[in-house]
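The values are calculated or read from the model by the stated rules, or taken from the named source; none is laboratory data. What you see is a predicted model, and the numbers here were worked out from it, not measured in a lab. Note that we place each Cβ from the backbone using ideal geometry, even for glycine, and neighbour counts take in every protein chain shown. Surface accessibility is based on the protein's heavy atoms, side chains included, excluding ligands, DNA and RNA. Shrake-Rupley method; radii C 1.70, N 1.55, O 1.52, S 1.80 Å.
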Amino acid sequence: MTQPVSPPRDDTPKLSPQVEPSPWRAVVARADVRTLSLLGVLAALILIGGITKPDEFLDTRNLQLVLTQASVIGVVTVGMTFVIISGGIDLSVGAIVALASVWATTVATQDYGFVGIFFTAVIVGVGCGLVNGVLIAYGTMVPFIATLAMLASARGLALQITDGNTQVVTVDGILDLGERDSYVLGVPPLVMVFAVVTIIGWLVLNRTTFGRRTVAVGGNAEAARLAGIDVRRQRLYLYLLSGLCCGIAAFLLIILSGSGQNTNGNLYELDAIAAAIIGGTLLTGGRGTIVGSVLGVLIFTTITNIFALNNLQSDVQQIAKGAIIVAAVLVQRRTASTT
């Protein structure tokens with residue numbers, strides 16, 4: 001009786017299927033590296049400040065001052081980050097802050113008290129953003145040209161309103177917020193507002209459809225349009241958001257200085273764009289983080305504070321900022337070419 005022949009055994013090792021890494025994981029990994037790098041730079045700057053001027057730099061009042069100064073430009077930078085991620089640019093943010101601050105501190109506006117000043121600053125900012133958005137989204141103007149025109153117009157109108165004079169705030173509710181008695185657990189009110197704006201900005205960019213549409217428009221506007229996104233309306237909303245942030249920043253600046261001046265917000269557009277770039281936002285659009293932009297603001301504000309404590313002139317500060325911007329763009333281009 002013949003024995004049944006068993007089939008030959010296959011001893012070839014079986015390869016387990018490999019799962020391709022998700023592209024989103026790579027993006028998150030790069031973002032984490034950038035964030036850690038920025039934290040390292042900020043820590044190094046704090047160390048330098050502590051070594052060069054230990055008594056002055058590490059003083060609680062000085063640290064509160066750094067955070068307070070970062071709050072105003074930080075709120076502007078949050079709005080600028082959204083605009084740049086979408087592939088746009090806003091050169092008018094500093095002029096809008098100036099116009100909103102002087103319009104909100106006129107004698108007629110101050111008669112309406114705290115609420116009148118706040119809403120006037122916000123409405124002026126949003127109104128300027130609306131003009132920018134309509135010109136760019138529906139007038140098909142290049143963002144550079146449209147916002148440059150707004151820069152000149154807003155500066156001129158701010159000068160006309162003030163006639164070159166400083167408008168002093170006399171509303172007690174505004175002035176009280178600038179005093180140390182208004183600090184909560186040692187934190188100035190301006191810093192708390194900045195923190196709230198940052199958190200809201202992060203949530204909108206990372207957890208909402210609006211944020212995903214912003215990234216999509218910046219990455220490829222035509223592909224976003226074919227996917228059903230109203231690109232023009234999205235761009236309009238983004239410049240409205242930038243104007244809103246400028247209005248809030250103008251209100252914070254009024255609290256900080258106790259006045260409105262046509263020179264307010266000088267070079268804010270440079271500082272906001274630089275902070276966003278340092279934070280990893282691509283000038284070509286399609287990528288950026290709120291956390292990175294905020295760290296960029298803190299880095300620039302800390303550098304300015306260290307220079308001031310060491311009696312370095314303002315022109316040296318501007319040269320240093322320019323060099324940092326160039327270095328950041330070169331790093332971005334190198335990173336983009338290797339990914």
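Scanning the range 307-317 for residues that are in contact (Cβ under 8 Å) with a residue 40 or more places away in the chain and either of a type in the set (A, V, I, L, M) or assigned to a helix (DSSP H, G or I) (or both) yields one hit, Leu309. Contact annotation: residue pairs with Cβ atoms under 8 Å, 6 or more positions apart or on different chains, pairing a residue in the range 218-235 that is charged (D, E, K, R) with a partner that is open to solvent by less than 80 Å² (accessible area, probe 1.4 Å) and not in a helix (DSSP H, G or I), are Arg235/Ser86; Arg235/Gly88.
Residues that are in a helix (DSSP H, G or I), touching a strand residue (DSSP E or B) at 6+ places or on another chain (Cβ under 9 Å), open to solvent by 30 Å² or more (accessible area, probe 1.4 Å) and under 23 Å from Gly79 (Cβ atoms) do occur in the range 187-197, at least one of them. Ile254: aliphatic (A, V, I, L, M) and open to solvent by 10 Å² or more (accessible area, probe 1.4 Å), yes or no? So Ile254 does not fit the description; no. Scanning the range 100-121 for residues that are open to solvent by less than 10 Å² (accessible area, probe 1.4 Å) and under 22 Å from the mean Cα position of the chain (by Cα), we see that the one that is nearest to Ser257 (Cα to Cα) is Ser101. Taking the conditions exactly as written (among the β-branched types (Val, Ile, Thr), modelled with pLDDT of 95 or more and surrounded by 17 or more Cβ atoms within 10 Å (Cβ to Cβ)), does Thr81 satisfy them or not? The answer is yes for Thr81.
Being farther than 23 Å from Cys128 by Cα, touching a helix residue (DSSP H, G or I) at 6+ places or on another chain (Cβ under 9 Å) and either assigned to a helix (DSSP H, G or I) or in contact (Cβ under 8 Å) with a residue 24 or more places away in the chain (or both) is a property that Phe251 lacks. Of the residues making up the range 122-170, those that are β-branched (Val, Ile, Thr), assigned to a helix (DSSP H, G or I) and under 25 Å from the mean Cα position of the chain (by Cα) number 9. Evaluate the range 284-306: report whether one residue or more is assigned to a helix (DSSP H, G or I), open to solvent by 10 Å² or more (accessible area, probe 1.4 Å), over 25 Å from Val215 (Cβ atoms) and touching a Ser or Thr at 6+ places or on another chain (Cβ under 8 Å). So far as the range 284-306 goes, yes, one or more of its residues are assigned to a helix (DSSP H, G or I), open to solvent by 10 Å² or more (accessible area, probe 1.4 Å), over 25 Å from Val215 (Cβ atoms) and touching a Ser or Thr at 6+ places or on another chain (Cβ under 8 Å). Restricting attention to the range 122-163, and to residues there that are out of contact with any Asp or Glu (no Cβ under 8 Å at 6 or more places or on another chain) and of a type in the set (S, T, N, Q), which single residue is surrounded by the most Cβ atoms within 10 Å (Cβ to Cβ)? Only one residue fits best here, namely Thr162. Which is under 26 Å from Leu203 (Cα atoms) and either buried (at least 24 other Cβ atoms within 10 Å of the Cβ) or of a type in the set (Ser, Thr, Tyr) (or both), of Val97, Val66? So the residue among Val97, Val66 that is under 26 Å from Leu203 (Cα atoms) and either buried (at least 24 other Cβ atoms within 10 Å of the Cβ) or of a type in the set (Ser, Thr, Tyr) (or both) is Val97.
Taking the criterion of being open to solvent by 30 Å² or more (accessible area, probe 1.4 Å) and in contact (Cβ under 8 Å) with a residue 12 or more places away in the chain, the residues of the range 319-329 that qualify are Ile324, Ile325, Val329.
Report yes if some residue within the range 45-58 is surrounded by 12 or more Cβ atoms within 10 Å (Cβ to Cβ), among the hydroxyl-bearing types (Ser, Thr, Tyr) and at pLDDT below 85; otherwise report no. Taking every residue of the range 45-58 in turn, none turns out to be surrounded by 12 or more Cβ atoms within 10 Å (Cβ to Cβ), among the hydroxyl-bearing types (Ser, Thr, Tyr) and at pLDDT below 85.
Restricting Gly243, Gly265, Gly228 to those that are assigned to a loop (DSSP other than H, G, I, E, B) and surrounded by 24 or more Cβ atoms within 10 Å (Cβ to Cβ) reduces the list to Gly265. Residue count for the range 176-190 under the criterion of being touching a helix residue (DSSP H, G or I) at 6+ places or on another chain (Cβ under 8 Å) and either closer than 25 Å to Tyr112 by Cα or among the aromatic types (Phe, Trp, Tyr) (or both): the result is 8.
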